[in-house]
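Single-structure report; data block below.
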Amino acid sequence: LNWGNPQTVELFIAHVTSEGTSFNDPTTGKVVGITGSPVEFIKAFWVYLKLLVQQFTPLALPFLVWGGYTLYKKQRYIALIFSSIILANIFYGGLVNSGNRESWFLISYFIFAVLIGVGLLAAVQFSRRSKKWIEISPFILAALALVPLIWWFTTLDRSQNYALKDYSYNLYAPLSKNAVL
C-alpha cells in the first residue's frame, strides 16, 4: 500500500529510479532497473505497440486515432493530460527494465479504450451530420466495440479449466469439521 514510501524528495527519487531493486549480472546479461539503453527502449516501445494492436485489434485503431483527434479539438486540456500519461508510460517503460514492464502500460490502454469510445461516438455523430455517408447505427458501432472480446474469446475462455476448483477442494476436503487452516 505504501510501496517505496516516497514521502520526501529523496525517497521519491529513490522510488522512481528503482534504487535497491536494480542489478546488472554480466554473466547472464540480465539488467534490471534503469538501463538508459536505446536498444532496450526500442524493444520496450515495440512491445508497447504490439500489445496495443493485440489488445484492441487492428479494427479499433482507426477509432483510436479519430477519438484522439476529436478529443484534441473539443477538450485540449484533457487531451494534453492523456497524452502526457501515455508519453510518461512509454518513456518510463523504455527507460526502466523489469519483469512487470507490461503492467505499467495498462493506464495507457485504459486511455486508449476511452479514446476508442470517443472515436466511435464521433463516427456516429459524423454519419448523422453528413448527407453523403450512410448513417451508422450506434448498434453497429457497439458491435465493433465488442470485436476484441470476440477476437480473444477462445484464448481467454477458461470455462473448462478446473485448477482452482480442484486446488481448493484438495486443500479443504481432508480437514475435519471446525479445523483451522
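The values are calculated or read from the model by the stated rules, or taken from the named source; none is laboratory data. These numbers were taken from a predicted model, which means no experiment stands behind them. Please note: Cβ atoms are built from the backbone with ideal geometry, for glycine as well, and neighbour counts cover all protein chains shown. When the accessible area is computed, the model is the full protein with side chains, heavy atoms only, and any ligands, DNA or RNA have been set aside. Shrake-Rupley method; radii C 1.70, N 1.55, O 1.52, S 1.80 Å.
Pick out the one residue from Ile116, Ile78, Ile86 that is without any contact (Cβ under 8 Å) to a residue 12 or more places away in the chain and either under 30 Å from Ile34 (Cβ atoms) or surrounded by 12 or more Cβ atoms within 10 Å (Cβ to Cβ) (or both). So that I can check it myself, show each step before the final result.
Values: Ile116 fails: without any contact (Cβ under 8 Å) to a residue 12 or more places away in the chain; Ile86 fails: without any contact (Cβ under 8 Å) to a residue 12 or more places away in the chain.
Result of the check over Ile116, Ile78, Ile86: Ile78.
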Q.
Being touching a residue at least 60 places away in the same chain (Cβ under 8 Å) and open to solvent by less than 90 Å² (accessible area, probe 1.4 Å) is the filter here; which residues of segment 148-171 pass it?
A. Pro148
Q | Residue within segment 95-106 that is in contact (Cβ under 8 Å) with a residue 24 or more places away in the chain, under 24 Å from Pro62 (Cα atoms) and among the hydrophobic types (A, V, I, L, M, F, W, C) present | A | yes
Q. Can you pull out the residues in segment 64-75 that are part of a helix (DSSP H, G or I) and either under 24 Å from Gln54 (Cβ atoms) or among the polar types (S, T, N, Q) (or both)?
A. Leu64, Val65, Trp66, Gly67, Gly68, Tyr69, Thr70, Leu71
Q) Could you list, in sequence order, the residues of segment 46-75 that are under 18 Å from Asn100 (Cβ atoms) and open to solvent by less than 80 Å² (accessible area, probe 1.4 Å)? A) Val47, Tyr48, Leu51, Leu52, Gln54
Q) Looking at (1) at pLDDT 85 or above; (2) under 20 Å from the mean Cα position of the chain (by Cα), which is the only condition Leu156 fails? A) (1)
Q | Odd one out for Arg101, checked against (1) open to solvent by less than 50 Å² (accessible area, probe 1.4 Å); (2) more than 11 Å from the chain's Cα centre (by Cα); (3) of a type in the set (Lys, Arg) | A | (2)
